[in-house]
1. Can you name every residue in the stretch 177-217 that is of a type in the set (S, T, N, Q) and under 24 Å from the mean Cα position of the chain (by Cα)?
2. Among the residues of the stretch 105-131, count how many are assigned to a strand (DSSP E or B) and either under 22 Å from the mean Cα position of the chain (by Cα) or in contact (Cβ under 8 Å) with a residue 24 or more places away in the chain (or both).
3. Consider R227 against the criteria (1) out of contact with any Asp or Glu (no Cβ under 9 Å at 6 or more places or on another chain); (2) more than 27 Å from S322 (Cβ to Cβ); (3) not hydrophobic (A, V, I, L, M, F, W, C): it satisfies all of them except one. Which criterion is unmet?
4. Within the stretch 164-196, count every residue that is assigned to a helix (DSSP H, G or I) and either among the hydrophobic types (A, V, I, L, M, F, W, C) or under 29 Å from S154 (Cβ atoms) (or both).
5. Please state which one of D146, D174 is acidic (D, E), within 18 Å of the chain's Cα centre (by Cα) and assigned by TED's automatic domain parsing to the domain that holds P71.
6. Restricting attention to the stretch 157-172, which residues are among the small types (G, A, S) and free of Cβ contacts under 8 Å to residues at least 24 places away in the same chain?
7. Can you name the number of the only condition in (1) out of contact with any Asp or Glu (no Cβ under 8 Å at 6 or more places or on another chain); (2) crowded, with 21+ Cβ neighbours inside 10 Å; (3) within 30 Å of E284 (Cα to Cα) that A167 fails?
8. Of all the strands (runs of 3 or more DSSP E) wholly in the stretch 262-340, which have at least 1 residues that are at pLDDT 95 or above, in contact with a Ser or Thr (Cβ under 7 Å, 6 or more places away or on another chain) and polar (S, T, N, Q)?
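The values are calculated or read from the model by the stated rules, or taken from the named source; none is laboratory data. As the structure is a prediction and not an experimental result, all values here were calculated from the model. Virtual Cβ from ideal backbone geometry, glycine too; neighbours counted across all protein chains shown.
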Amino acid sequence: MSQWGKRAAVLVVVCAAVVVAVVGGRMVVGDDRAASTDETGRADNGWRWESYQSIEVQVPADWSYGVTGSPPCRVDKPRPPYVGRPGGVRGVGCRDPYPPLAVRASYLWFGARRGPAAVQGTATGARMPGVRAPDHGWVEETRLLDGLNVTVFSDDEALRQRILNSARLIDGADANGCTPNHPLADHPQGGPTSAEGLASIGVVESIAVCKYAIAVRPEQHEYAARRRAALIASSTMSGDPAQAFVAAIARAPVGSGPDSPDCIDDYGSEIIVLKVRGSERNQEVLIRYDGCRFNGIHDGVTLRHLTAEVLRPLLVGVHRPSHYTGPVGDLVLGPRPKKG
C-alpha cells in the first residue's frame, strides 16, 4: 500500500484485567499488576523503554518497529525483532497465527485485540491472555496489564520473561517524560499555554517527544472511551540534536500548513507534543501534521508552518507514520511522482 494513502485509525480494544496462562495443561491465573525492574526509570544497559497508553516495557535497544497483528503469511523474508503498536494492516486471511519458522522474529505487541488467535483455521491477529507454544521452542505469552494486552513472542525463554517482567504502569510520566494523557489530545484545535513561547527558554537541554491519539470526530470519542490513555509512543532528544531541532522550529515561517484541500479529516488521528526543557524554563510545543487542515507548529505564542527541516528528524523510528496526507508527505518524502 502506498505511503501516500490516509493513515488508518488506530484500533485498540480495552479488556478486563485478568491474566490466564495455560502451561503444560495447567491454568495459572494472576492479576494485572506489572513488575518494575528499576524504580529510577532508567533502562538497563543495552535496553530501552517503550510506552503505549498506560504501560511501559523494556526491550533490547536494537529492536525495530512494526504493527501489532501484522498478517503472518505476508512475512516472506527475515526481519529484525520489533515492537508493534496497533495500526493499519492488510485484511489477509492467513491460516497460521505465526510466520513460517525460517522468517520468524521476536516481537513485543502492544494492544492486540482480545480474541482467539485463529478461528476456523484463519488467523485473526487477536490474542487471549495466556501462553501458546506453536513449535520448535517458540513461545508466545500475552499478559493483560491495566486492561491492555501485552504480547511477547520469542524462542528465548529468558528474554521473553525479562521483557514481560519489566512491564509496569506509568506513574505520572513515563521514562521519557511523557504523561499517559494530555489536554491537547482532547482539544488538538487549541495550543500550549505560554506568554513567551520558545524564545525565552534559554539553552535547550532536552526534549520529550510525546505522540498522542486525538479525539475530535465522534468515532474517535467512542475509541477514547474504551482506551486507558491517549499516549501512543514517546522518545527523547538531548544535547546538540535537541538544540538543532528547536533552532529548526525557529526558522520555520510564521503561519500554518501545509494543508490538503482534497480530504475532509481536519485534524487526523494523532498529534505530537514536545516538552522542551531549557536552562531558564520549560515549554510545550504542539505539532499537528496528520490532518487535512490546521497543520502547523504552535508554541503557545507563534503558529508556524511545517517544514522538512522539522519533520524529517521528528517522524522517524517510533514516530514514523504508516501513511501521510498529501503535502505533508511531500515535505517528508519529497514530491510525489507525476501521474501519466
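1. Within the stretch 177-217, the first condition is being of a type in the set (S, T, N, Q), and the residues that meet it are 179, 181, 189, 193-194, 200, 206.
Of everything in the stretch 177-217, those that are of a type in the set (S, T, N, Q) and under 24 Å from the mean Cα position of the chain (by Cα) turn out to be T179, N181, Q189, S206.
2. Restricting attention to the stretch 105-131, the residues satisfying the condition of being assigned to a strand (DSSP E or B) are 107-110, 114, 118-119, 122-123, 127, 130-131.
From what is left, the residues that are either under 22 Å from the mean Cα position of the chain (by Cα) or in contact (Cβ under 8 Å) with a residue 24 or more places away in the chain (or both) are 107-110, 114, 122-123, 127, 130-131.
Total satisfying the criteria: 10.
3. (2)
4. Of the residues in the stretch 164-196, the ones assigned to a helix (DSSP H, G or I) are 164-166, 183-186.
Retained after the next criterion (residues that are either among the hydrophobic types (A, V, I, L, M, F, W, C) or under 29 Å from S154 (Cβ atoms) (or both)): 164-166, 184-185.
Final tally of qualifying residues: 5.
5. Details: D174 fails: assigned by TED's automatic domain parsing to the domain that holds P71.
The match here is D146.
6. Residues of the stretch 157-172 that are among the small types (G, A, S), as a first pass: 158, 166-167, 172.
Residues satisfying the conditions are A158, G172.
7. (1)
8. Working: elements: 270-278, 282-288, 296-298.
Fully inside the stretch 262-340 and qualifying: 282-288.
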